[in-house]
Amino acid sequence: MISIEKNIAEVRERIRFSLQKAGREGDDVTLVAVTKTQPAEAILAAYQAGLRHFGENYLQEALGKRQQLLDQGPIDDIIWHYIGPIQSNKTRDIAENFDWVHSVDRLKIAQRLNDQRGADQAPLQLCLQVNIDNEPSKSGVAPQQVLTMLADLSHMPRLRLRGLMAIPQPGRQASFADMQACFAQAQKHFPTLDTLSMGMSGDIELAIAAGANMVRVGTALFGERRR
Ligand SMILES: *Cc1c(COP(=O)(O)O)cnc(C)c1O
């Protein structure tokens with residue numbers, strides 16, 4: 001049995017300690033609980049323990065669990081983050097069912113999300129994914145494309161451009177530092193950007209040392225994934 005309360009407390013302590021070490025005591029870090037492959041009950045337990053931000057990677061799985069939660073009772077203050085790969089035929093469901101998307105790296109996808117975001121909904125909060133290490137296997141725009149992409153995204157009225165997302169090479173401090181520099185450069189040109197989404201179970205400390213203010217944590221909260 002894993003104790004979600006205990007795990008949340010441990011992750012919060014890691015965040016607090018990292019902020020302190022970085023001299024960032026006053027800063028807020030949003031903890032996004034990544035629940036891919038975990039059942040709806042795990043989301044509910046984490047919700048009851050106080051978490052509100054949840055991240056999912058697979059659309060069908062996310063929509064199924066979301067419906068299960070709705071069926072159990074009114075839970076309307078969860079903030080849903082889409083952090084997985086985006087196929088263009090899935091953009092409508094993503095645009096209509098999520099509050100944030102972290103994994104945008106193509107203009108065409110962004111345009112579809114913009115066009116499909118419900119007129120009655122708040123703008124979709126958006127992070128541009130950056131492939132900070134230029135790894136062929138990873139999604140994200142190259143660091144040198146970030147400014148032009150941001151300029152294009154900034155003209156889309158149904159998207160609210162919030163910042164950058166990255167998955168730096170695990171444990172490689174230089175990659176986190178590169179991302180910090182990339183974000184600082186982006187903020188210089190787009191001063192309203194306020195979010196650096198970076199850091200997972202294994203590297204919360206490195207991420208916060210490099211300025212992250214949103215971390216996406218799965219295994220440290222929920223244990224090993226179910227498949
Ligand atoms: C799965 C996933 C996470 C969480 O990873 P853990 O190592 O389980 O904390 C964070 N971000 C993305 C994009 C993921 O796919």
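Structure above, values below:
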quantity	calculated
Residue pairs meeting the criteria (Cβ under 7 Å; at least 6 apart or on separate chains; first on the phi > 0 side of the Ramachandran plot, in segment 196-220; second aliphatic (A, V, I, L, M) and more than 8 Å from the ligand (Cβ to nearest atom))	GLY199/ALA207; GLY199/ILE208; GLY199/ALA212; GLY199/VAL215; GLY211/LEU196
Residue within segment 139-160 that is under 15 Å from the mean Cα position of the chain (by Cα) and within 12 Å of the ligand (Cβ to nearest atom) present	yes
Identity of the residue in segment 211-223, part of a loop (DSSP other than H, G, I, E, B) and more than 9 Å from the ligand (Cβ to nearest atom), that ends up modelled with the lowest pLDDT	GLY223
Flag for THR195 being of a type in the set (S, T, N, Q), within 15 Å of the ligand (Cβ to nearest atom) and closer than 13 Å to VAL29 by Cβ	yes
Subset of segment 129-143 [under 17 Å from ALA174 (Cα atoms) and surrounded by fewer than 16 Cβ atoms within 10 Å (Cβ to Cβ)]	ASN134, GLU135, ALA142
Options GLY202, GLY163, GLY171: the member that is out of contact with any Pro (no Cβ under 9 Å at 6 or more places or on another chain) and within 13 Å of the ligand (Cβ to nearest atom)	GLY171
Residue in segment 2-39 that is nearest to MET214 (Cα to Cα), counting only those that are assigned to a helix (DSSP H, G or I), of a type in the set (A, V, I, L, M) and touching a residue at least 60 places away in the same chain (Cβ under 8 Å)	ILE15
Selected residue (criterion: surrounded by the most Cβ atoms within 10 Å (Cβ to Cβ)) from residues of segment 79-89 that are in contact with a helix residue (DSSP H, G or I) (Cβ under 9 Å, 6 or more places away or on another chain) and under 18 Å from THR37 (Cβ atoms)	TYR82
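Conditions (1) outside any loop (DSSP other than H, G, I, E, B); (2) of a type in the set (D, E, K, R); (3) closer than 20 Å to PHE54 by Cβ; (4) modelled with pLDDT under 95, marked per residue:
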{"position": "GLY163", "(1), (2), (3), (4)": "yes, no, yes, no"}
{"position": "PHE176", "(1), (2), (3), (4)": "yes, no, no, no"}
{"position": "MET179", "(1), (2), (3), (4)": "yes, no, no, no"}
{"position": "GLY199", "(1), (2), (3), (4)": "no, no, yes, no"}
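Here's the yes/no breakdown for (1) over 24 Å from ASP178 (Cβ atoms); (2) small (Gly, Ala, Ser):
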position: GLY55; (1), (2): no, yes
position: HIS81; (1), (2): no, no
position: ASP93; (1), (2): yes, no
position: GLU96; (1), (2): yes, no
position: LEU113; (1), (2): yes, no
position: GLY118; (1), (2): yes, yes
position: LEU124; (1), (2): yes, no
position: ASN131; (1), (2): no, no
position: GLY163; (1), (2): no, yes
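The values are calculated or read from the model by the stated rules, or taken from the named source; none is laboratory data. Everything numeric here is computed off the predicted structure, so don't read it as measured data. Cβ coordinates were reconstructed from backbone atoms using ideal geometry, including for glycine residues, and neighbour counts include every protein chain displayed.
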